[in-house]
Amino acid sequence: MGEKMRTIGYLCPACRKQVIRDRSAFALAASGAVVACDCGKSTLTVDAEEQRFRLSVPCGVCGGEHTAVMDAAHLLEGKGVGLACPQTRQLCCFIGEPYEVEREMERLSLAVDKEVAHENGGDLFVDSVIMHEVLSELKEIAARPHGISCSCGSEKYRMEVRPTYVDLVCADCGARLRIEAATDEDLDRLCCNWTLQIRGK
Ligand SMILES: [Zn+2]
Ligand SMILES: [Zn+2]
Ligand SMILES: [Zn+2]
């Protein structure tokens with residue numbers, strides 16, 4: 001019978017590679033773990049304490065380092081747990097069954113790549129299908145009576161289209177409303193709105 005394994009994954013803040021390592025549950029419970037990226041610039045540590053673990057996680061999302069305390073049972077049993085970056089709310093570390101951890105890490109890499117494209121302001125739409133849908137939904141909202149307005153009273157606005165979002169900018173007061181346009185959830189969120197209002201000055 002094989003030993004029960006747990007997989008630990010995080011995204012290296014230095015080189016942005018996925019770091020995914022297996023540890024036996026037995027070894028984890030006994031002495032914790034140190035997981036390092038091949039680039040040598042980041043290390044995740046799991047310290048075993050009585051009935052719990054203390055984790056120190058390099059965060060590939062915000063670039064910081066986060067600490068957390070977790071029940072031993074939580075970390076050693078079940079499909080898996082994720083740790084969220086307190087800055088961005090994005091999950092930045094996963095521990096659990098290999099398949100779950102790999103899947104979540106793929107998702108995380110994608111999300112972070114989108115974020116980087118966003119910061120770089122490239123003119124490539126990360127997900128052009130979503131962007132297309134978002135733009136046509138905005139067009140529909142704009143066609144409704146008072147569809148897009150500003151709380152300053154203006155109904156004149158311009159659109160600034162970026163790779164992962166669209167800004168609606170009030171032509172009178174300059175206030176902005178950001179419409180995220182990178183994921184299916186962004187589209188769902190937009191479609192919930194019958195009208196949109198920019199919070200004006
Ligand atoms: Zn690295
Ligand atoms: Zn973080
Ligand atoms: Zn305004």
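The values are calculated or read from the model by the stated rules, or taken from the named source; none is laboratory data. Owing to the predicted nature of the structure, the values given are computational and were not obtained by experimental measurement. For neighbour counting, all protein chains shown are included, and Cβ atoms are generated from backbone atoms with ideal geometry for every residue, glycine included.
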Scan segment 166-177 and tell me whether some residue there is at pLDDT 95 or above, of a type in the set (K, R) and outside any loop (DSSP other than H, G, I, E, B).
yes
Over segment 1-26, the set of residues within 14 Å of P98 (Cα to Cα), of a type in the set (G, A, S) and away from ligand 2 (no atom under 16 Å from the Cβ) is S24, A25
Expected single match for more than 16 Å from ligand 2 (Cβ to nearest atom), more than 29 Å from A111 (Cα to Cα) and surrounded by fewer than 16 Cβ atoms within 10 Å (Cβ to Cβ) among R144, R158, R199, R189 is R144
Among V61, V19, V57, V35, the single one that is of a type outside the set (K, R), in contact with a strand residue (DSSP E or B) (Cβ under 6 Å, 6 or more places away or on another chain) and over 17 Å from A111 (Cβ atoms) is V35
Going through segment 24-42 in order, the residues found to be hydroxyl-bearing (S, T, Y) and within 10 Å of ligand 1 (Cβ to nearest atom) are S42
Exactly one of V35, V81 is more than 24 Å from K114 (Cα to Cα) and more than 16 Å from ligand 2 (Cβ to nearest atom), and that one is V35
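Of everything in segment 178-201 that's assigned to a loop (DSSP other than H, G, I, E, B) and over 17 Å from K156 (Cβ atoms), which residue is farthest from ligand 3 (Cβ to nearest atom)?
Ranking the qualifying residues of segment 178-201, first place goes to T183.
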Here the residues within segment 19-44 that are in contact with a Cys (Cβ under 8 Å, 6 or more places away or on another chain) and surrounded by 15 or more Cβ atoms within 10 Å (Cβ to Cβ) are V19, C37, S42, T43, L44
message: Among the residues that make up segment 45-54, is at least one of them among the hydroxyl-bearing types (S, T, Y), more than 16 Å from ligand 3 (Cβ to nearest atom), crowded, with 16+ Cβ neighbours inside 10 Å and modelled with pLDDT of 90 or more?
response: yes
Listed by first then second residue, the pairs whose first member lies in segment 64-92 and is part of a strand (DSSP E or B), whose partner is modelled with pLDDT of 85 or more and of a type in the set (D, E), with beta carbons under 9 Å and at least 6 positions apart or on separate chains, are V69/E49; G80/E97; G80/E100; G80/E104; G82/E104; L91/E104
